[in-house]
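A.B. asks: The structure that follows is given in the form of structure tokens.
The values are calculated or read from the model by the stated rules, or taken from the named source; none is laboratory data. Only a predicted model underlies this, so the values are computations on that prediction, with no experimental measurement involved. A quick note on method: Cβ atoms are made from the backbone with ideal geometry, for glycine too, and the neighbour counts reach across all protein chains shown. Side chains are part of the model used for accessible areas, which takes the heavy atoms of the whole protein and leaves out ligands, DNA and RNA. Shrake-Rupley method; radii C 1.70, N 1.55, O 1.52, S 1.80 Å.
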Amino acid sequence: IVRDEYLYAASYFQQYYENDRKREKMYLQECKRIKEYFPNGGRILDVGCGVGGFLQVFDDRWDKFGVEPSEFASDKAKKKGITMLHNIDVVNFDEFDVIVFRGSIQHINFPMASLVHATRGLKKGGLLAILATPDTDSLVYKLWGNLPALDAPRNWILFGSRFLSNIYRDWE
């Protein structure tokens, strides 16, 4: 296993998360869309939850869980009332209503294994949400072969929306 916790020190979260109004607006939009599927709340897991800002948007009807390799960010998330799990592979079958990879799947050393664990961890009728993720099927990527905000040491693999759709097309 590659140890990459050093890539996510306090300075990373200060640079990308502090006072980012666009990020906060996206959190609200994405939360609203998830609540359309689960208006009464439920159990939600954010894989790569950072400092817990996205989960903090969800109200008390939600049991909030996170996975985060950064000790700095994990400690911040805990202080926001988020239960932290060591890794996605500790998730039980049929445990969550919603599992979110928000801007994180490309940062995970073994993303396909993480997607398998997430799929197994969803309750019947659960929602797997892959949000804010670079898309190699996008027009920008097709034109320039690159995407804004890619940070080479932190991006292991880039997925395309068609690829992700295809692996879950017949999944029930």
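A.B. asks: Give me the dipole magnitude in Debye, nearest 20, for the stretch 4-66 about the Cα centre, with unit charges on the beta carbon: positive for Lys and Arg, negative for Asp and Glu.
C.D. replies: In debye, rounded to 20, the stretch 4-66 gives about 340.
A.B. asks: By the gyration tensor of its Cα atoms, with a ≥ b ≥ c the square roots of the eigenvalues, what is the shape of the chain: rounded for a/c under 1.5, prolate for a/b over b/c, or oblate?
C.D. replies: Note, shape of the chain comes out rounded.
A.B. asks: At 1.4 Å probe size, with no ligands or nucleic acids counted, give the accessible surface of K78 in Å², nearest ten.
C.D. replies: Rounded to the nearest 10, the figure is 110 Å².
A.B. asks: Specify whether the C-alpha gyration tensor of the stretch 64-129 places it in the rounded, prolate or oblate class, a ≥ b ≥ c being the square roots of the eigenvalues: rounded for a/c under 1.5, otherwise prolate if a/b is larger than b/c and oblate if not.
C.D. replies: Note, shape of the stretch 64-129 comes out oblate.
A.B. asks: Please calculate how many Å² of accessible area the stretch 10-127 carries per residue, with a 1.4 Å probe and no DNA, RNA or ligand atoms counted.
C.D. replies: Details: 6290 Å² over 118 residues.
Heavy-atom accessible area per residue stands at 53 Å².
A.B. asks: Compare the Cα positions of G41, G126, P69 along the charge dipole of the chain (+1 at Cβ of Lys, Arg; -1 at Cβ of Asp, Glu; about the Cα centre) and return the one farthest towards the positive end.
C.D. replies: Towards the positive end, the residue furthest out is G41.
A.B. asks: Kindly sort D60, D46 by accessible area of their heavy atoms, largest first, with the probe set to 1.4 Å.
C.D. replies: Values: D60 150, D46 5 Å².
If we order D60, D46 from most to least accessible, we get D60, D46.
A.B. asks: At 1.4 Å probe size, put V90, V51 in order of accessible surface, largest to smallest.
C.D. replies: My answer, sorted largest first, is V90, V51.
A.B. asks: If R₀ is 45 angstrom, what is the calculated FRET efficiency for the pair F93 and N19, using the beta carbon separation as r and rounding to 0.05?
C.D. replies: The calculated FRET efficiency here is 0.70.
A.B. asks: Can you list the residues, at least 5 places off or on another chain, whose amide H is less than 5 Å from the amide H of G103, using H built in the peptide plane?
C.D. replies: L131, A132, T133
A.B. asks: In addition: Lysines within cross-link reach of K22: Cα-Cα under 28 Å, excluding same-chain residues under 8 positions apart?
C.D. replies: K32, K35, K64, K76, K78, K79, K80, K142
A.B. asks: Please find the FRET efficiency linking Y37 to L143, where r is the Cβ-Cβ separation and R0 is fixed at 45 Å, and quote it to the nearest 0.05.
C.D. replies: Result of the calculation: an efficiency of 0.85.
A.B. asks: I167: accessible area at probe 1.4 Å, nearest 10 Å²?
C.D. replies: Its heavy atoms expose roughly 60 Å² to the probe.
A.B. asks: Taking the Cα centre of the stretch 64-106 as origin, work out the dipole magnitude from +1 charges on Lys and Arg Cβ and -1 charges on Asp and Glu Cβ, in debye rounded to 20.
C.D. replies: 340
A.B. asks: Just tell me, in residue order, which DSSP H segments of the chain are both 27 angstrom or longer along the helix axis (alpha-carbon based) and at least 1.6 in mean Kyte-Doolittle hydropathy.
C.D. replies: TM-like helix candidates: nothing returned.
A.B. asks: Same structure, new question: For the full complex of protein chains and a 1.4 angstrom probe, list W62, W156, W144 by accessible area with the highest value first.
C.D. replies: Of W62, W156, W144, the descending order of accessible area is W144, W156, W62.
A.B. asks: Within the accessible area of the chain, what % is carbon and sulfur when the probe is 1.4 Å and the other protein chains stay in place?
C.D. replies: 51
A.B. asks: Right, next: Tabulate in residue order the Karplus-calculated ³J(HN,Hα) for the stretch 83-99, using 6.51 cos²θ - 1.76 cosθ + 1.60 with θ = phi - 60°, rounded to whole Hz; enter x for Gly and Pro.
C.D. replies: My calculation for the stretch 83-99 gives 7, 9, 9, 5, 6, 5, 6, 8, 5, 7, 4, 6, 9, 10, 7, 9, 10 Hz in order.
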